[in-house]
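Participant: My questions will all concern the structure given below.
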Amino acid sequence: MTPTIQSASLLSDFFKPWNEWFDNGLMDRTLTVPAVNVLENGDHYTISLAAPGLKKEEFNIQVDGNILTISSQKEEKKEEKDERFTRKEYSYSSFSRSFNLPDDVKQDKIDAHYDNGVLKIQLPRKEESKKLLSSRNISVK
């Protein structure tokens with residue numbers, strides 16, 4: 001009877017590295033798209049994208065016509081060696097978000113900053129659109 005318990009333990013030890021991958025490793029990762037907030041101010045729009053754990057070099061921001069596309073690709077490799085096994089983990093994640101730009105955006109003046117896990121993109125507005133937003137009183141005749 002005792003050999004059965006020992007063999008179960010031996011099998012458990014043998015499969016342990018792979019079980020960890022499925023329990024909390026590679027197979028437990030979920031595919032997510034970063035949350036986005038868009039704020040409209042009088043003289044610009046701001047797009048804030050929550051993307052913690054990335055580096056600013058890992059973002060790709062492109063404007064093609066009236067479409068702004070924000071994307072990122074991240075690749076991680078990890079190797080763990082022990083007397084009994086060698087485990088190599090490989091992780092790849094990516095996302096892409098696209099936005100239709102309003103006609104009043106100065107596309108040549110778009111600016112981006114990444115700080116504390118948040119990518120902020122400033123989209124300045126053209127002068128003529130700022131004038132249209134100014135308030136005024138209209139008299140009733």
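Rule-based calculations on the coordinates, nothing more; no lab input. All of these numbers come straight from a predicted model, not from anything done at the bench. Cβ: placed from backbone, ideal geometry, glycine included. Neighbour counts: every protein chain shown.
Participant: Can you give me the distance in nm between label points at residue 43 and residue 73, each placed 7 Å from the Cα along the Cα-to-Cβ direction?
Facilitator: Using points 7 Å along Cα→Cβ, the separation is 3.8 nm.
Participant: Between residue 55 and residue 109, what length comes free when the chain is fully extended (0.36 nm per residue of separation minus the Cα-Cα distance, one decimal in nm)? Can you show the working numbers first?
Facilitator: On the way: separation 54, 0.36 × 54 = 19.44 nm, distance 2.25 nm.
In short, 17.2 nm is gained.
Participant: Can you put 85, 95 in order, fewest other beta carbons within 10 Å first? Walk me through the numbers before you get to the answer.
Facilitator: Working: 85 12, 95 16.
If I rank by nearby Cβ atoms, fewest first, I get 85, 95.
Participant: Could you list 54, 119 so that the one with the fewest beta carbons within 10 Å of its beta carbon is first and the one with the most is last?
Facilitator: Working: 54 18, 119 21.
Lowest count first: 54, 119.
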